[in-house]
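Below is one structure, written out as structure tokens; comments come after it.
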Amino acid sequence: MAILSNDENQKAKFVFEKINYQLLLASIFIVIIGFVLMAGNTDIYSFRKIVLAPIVVIGGFIFGFYAILKKTSSKA
């Protein structure tokens, strides 16, 4: 069993890198934009509501999966 120094003990380990969190926030923003495009009470059968908004929402979810699965280059 190895004994770690104080610097290694106190350093917080996050599951993802900073870029993963930034991409995840961007994907959440894209999904929100998709739901905003879907909102409203005018012309329920418009192109924006039945085609564009679902594509944007699904794209946001796909981008979220990419943000979670993205591997960053190791700095070792």
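Every read-out reported here was derived from the displayed coordinates using simple, explicitly stated rules and does not represent laboratory data. Model, not experiment: these values are computed from the prediction. Because the Cβ atoms are built from the backbone with ideal geometry, glycine has one as well, and the counts that use them run over all protein chains shown.
Along the Cα-to-Cβ line of PHE35, 7 Å from the Cα, sits a label point; which residues in segment 52-66 have backbone N less than 17 Å from it?
53-65
Report the equivalent ellipsoid semi-axes for segment 14-69 in whole Å, largest first, defined as the square roots of five times the eigenvalues of the gyration tensor built from alpha carbon atoms.
That gives 28, 9, 5 Å for the three semi-axes.
In the structure shown, do any of LYS13/LYS70; LYS11/LYS71; LYS49/LYS71 have a Cα-Cα gap over 28 Å, and if so which?
Table pairs above 28 Å Cα-Cα are LYS49/LYS71.
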